[in-house]
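J.: My structure is below; once you've seen it, I'll send some questions.
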Amino acid sequence: MSRFEILLTLGMVAVTFPVRYLPMLWVGRIRLSEGVHRALEYVPVAVLTAIISPMVLMPAGHLDLGWDNAYLFASLVSGVLAWKYQHLLLTIAGGLVSFVGWRLLMNVL
């Protein structure tokens, strides 16, 4: 690693570590209400939805709700499998198989 890369890495650590660590120190000392705890349970789902939704609904950079959108088809299949069976491996495998199968069927792959 060059001197620049080391300085760049240390700078990123100096900027990101306090921002992430200090709130954890304060929250550990503050008693949060039951309502706040209930609300915080939805944070992972909200973050995952915010990350995945653009990839599924806009795979080419614009809104695509057509039949040839394999991402949308596979996410719908995965959603149904997760809801019906509540089995993580089945959901992942079903999503992957439906994605590849749909791409092959639509002659996109």
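The values are calculated or read from the model by the stated rules, or taken from the named source; none is laboratory data. Just so we're clear, the structure is a prediction, and the values are computed from it rather than from any experiment. Neighbour counts are summed over all protein chains in view; Cβ atoms, including those assigned to glycine, are modelled from backbone coordinates with ideal geometry.
J.: When you go through 85, 21 one by one, which is the residue that is at pLDDT below 95 and of a type in the set (Phe, Trp, Tyr)? Give the steps one after another, and end with the answer.
T.: Numbers: 85 fails: at pLDDT below 95.
Step by step, each of 85, 21 is checked, and only 21 is at pLDDT below 95 and of a type in the set (Phe, Trp, Tyr).
J.: Among the numbered criteria (1) without any contact (Cβ under 8 Å) to a residue 12 or more places away in the chain; (2) within 21 Å of the chain's Cα centre (by Cα); (3) within 30 Å of residue 106 (Cβ to Cβ), which one does residue 95 miss?
T.: With (1) without any contact (Cβ under 8 Å) to a residue 12 or more places away in the chain; (2) within 21 Å of the chain's Cα centre (by Cα); (3) within 30 Å of residue 106 (Cβ to Cβ) applied to residue 95, the lone miss is (1).
J.: Restricting to segment 86-102, name every residue that is buried (at least 16 other Cβ atoms within 10 Å of the Cβ) and within 9 Å of residue 74 (Cβ to Cβ).
T.: If we filter segment 86-102 for residues that are buried (at least 16 other Cβ atoms within 10 Å of the Cβ), which is where we start, we get 91, 94-95, 98-99, 102.
Residues satisfying the conditions are 94, 95, 98, 99, 102.
J.: Listed residues 45, 77, 36, 56; which is part of a helix (DSSP H, G or I), surrounded by fewer than 10 Cβ atoms within 10 Å (Cβ to Cβ) and among the β-branched types (Val, Ile, Thr)? I'd like the intermediate steps shown before the answer.
T.: Numbers: 77 fails: surrounded by fewer than 10 Cβ atoms within 10 Å (Cβ to Cβ); 36 fails: surrounded by fewer than 10 Cβ atoms within 10 Å (Cβ to Cβ); 56 fails: surrounded by fewer than 10 Cβ atoms within 10 Å (Cβ to Cβ).
One residue alone meets the criteria, 45.
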